[in-house]
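Accompanying notes for the structure given below.
The values are calculated or read from the model by the stated rules, or taken from the named source; none is laboratory data. Because the structure is predicted, anything quoted here is derived from the model rather than measured. Glycine also receives a Cβ, built like all others from the backbone with ideal geometry; neighbour counts cover every protein chain displayed.
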């Protein structure tokens, strides 16, 4: 018996018995059954060739291009092209892909060349299957306003057949989406008096059992090529009840908290965007850098561990650092952000804060005060180039830290904020490189197991 581990998709131990495989058809059928990807198939064919038994493994008429598409297996070509872009950004021969819409550039990206190549390959190759089981409002539906709006928008977008990523053929998919809404489960089934969190367990355990019994995909990959998405504070909790969902599957979460076992190697963070009315028009705006008269601004309630420290030191105590627990009636929250140079974004009960995208929309440089928070799209975006990070112990020195930032650096941070708006914006329907497509790209990278450094 020979055992091999596939390093691409999915990372599961695959076993096969050469002695039991008598024909090329049986091997191909077996590989399809096990949903193996390129490296193992090449290895199997190579073993047959070395042994002088290639005809037993691969028929003379076999189309080798099938190696790249068998059972939705991602081609090693994608990884190789991305890697080449990392090492040789000036190469124009490695890929025929062109992009006349937008070419990522500048310091806000960790590697703009690799990101561009990866994004174009994703558009060309990536396929997602959405399980059709389950009925609204618990499945395939979510609220598209307020603090959890991104969860609802993503569910609704994924139900749209216009999206090129979606496939109705699960055999052609690279990943499989579990379309439950944590927000809607709790909204409809959770009793705030009894506070029985077991409703999450019952719904999600039952759902995984249904799809694993009806389809072969969950069991064949142990859930590695499946993903869920939630912006609810209990999104991570929803995965506790299915071991393989928690440890194996891609969890796309707003609350990307390492101390709560968020694993950036396989899980993907995305921004928490508060669409108070559901309206997505006119999200961006703000004064130019020279017209911004307020050094820093924050308004918000005291909860969590960080905000009380901020409020204790700065609440209504300084004319340049404007910090409020309750915003005075004569001031408008959005307008204050749009005329401030820096917007203070401390974590509350959870690490994620909707103030981060609000600041970016307003052209206001985010001042990040958090612990154990994996920032959205940080595998692509270099947050140091459009935000300022301040530790909790540095809160008393906040004014000095911000005043000491040279004007030329501030202008670069501001320009970075304006540039990154494209990747945080919500569009309906989605547009290239916007927040929806950046979420998809994060899933794509984790499916490929590629880092854009």
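For segment 207-233, a residue qualifies if it is under 27 Å from residue 273 (Cα atoms), outside any strand (DSSP E or B) and touching a helix residue (DSSP H, G or I) at 6+ places or on another chain (Cβ under 6 Å), and the qualifying residues are 231, 232. Being buried (at least 19 other Cβ atoms within 10 Å of the Cβ), within 29 Å of residue 218 (Cα to Cα), modelled with pLDDT of 90 or more and in the same structural domain as residue 442 (by TED's automatic domain parsing) is a property that does not hold for residue 134.
Please go through segment 433-453 and give me each residue that is outside any helix (DSSP H, G or I) and touching a helix residue (DSSP H, G or I) at 6+ places or on another chain (Cβ under 6 Å), ordered by number.
As a first pass, look at segment 433-453 and keep what is outside any helix (DSSP H, G or I): 433-434, 449-453.
The answer is 433, 450, 452.
Which condition number in (1) in contact with a helix residue (DSSP H, G or I) (Cβ under 7 Å, 6 or more places away or on another chain); (2) touching a residue at least 24 places away in the same chain (Cβ under 8 Å); (3) within 25 Å of residue 380 (Cα to Cα); (4) surrounded by fewer than 16 Cβ atoms within 10 Å (Cβ to Cβ) is the one that residue 102 fails? Failed condition: (1). Can residue 199 be described as assigned to a helix (DSSP H, G or I), modelled with pLDDT of 95 or more and surrounded by 13 or more Cβ atoms within 10 Å (Cβ to Cβ)? Judged against the criteria, residue 199 is not a match. A single member of 319, 305 is exposed (fewer than 13 other Cβ atoms within 10 Å of the Cβ), over 32 Å from the mean Cα position of the chain (by Cα) and either assigned to a loop (DSSP other than H, G, I, E, B) or without any contact (Cβ under 8 Å) to a residue 12 or more places away in the chain (or both), and it is 319.
Restricting attention to segment 218-238 and to residues that are surrounded by fewer than 24 Cβ atoms within 10 Å (Cβ to Cβ) and without any contact (Cβ under 8 Å) to a residue 40 or more places away in the chain, the residue that is nearest to residue 445 (Cα to Cα) turns out to be 236. A single entry from 163, 189 fulfils the requirement of being surrounded by fewer than 23 Cβ atoms within 10 Å (Cβ to Cβ) and over 18 Å from residue 437 (Cα atoms): 189.
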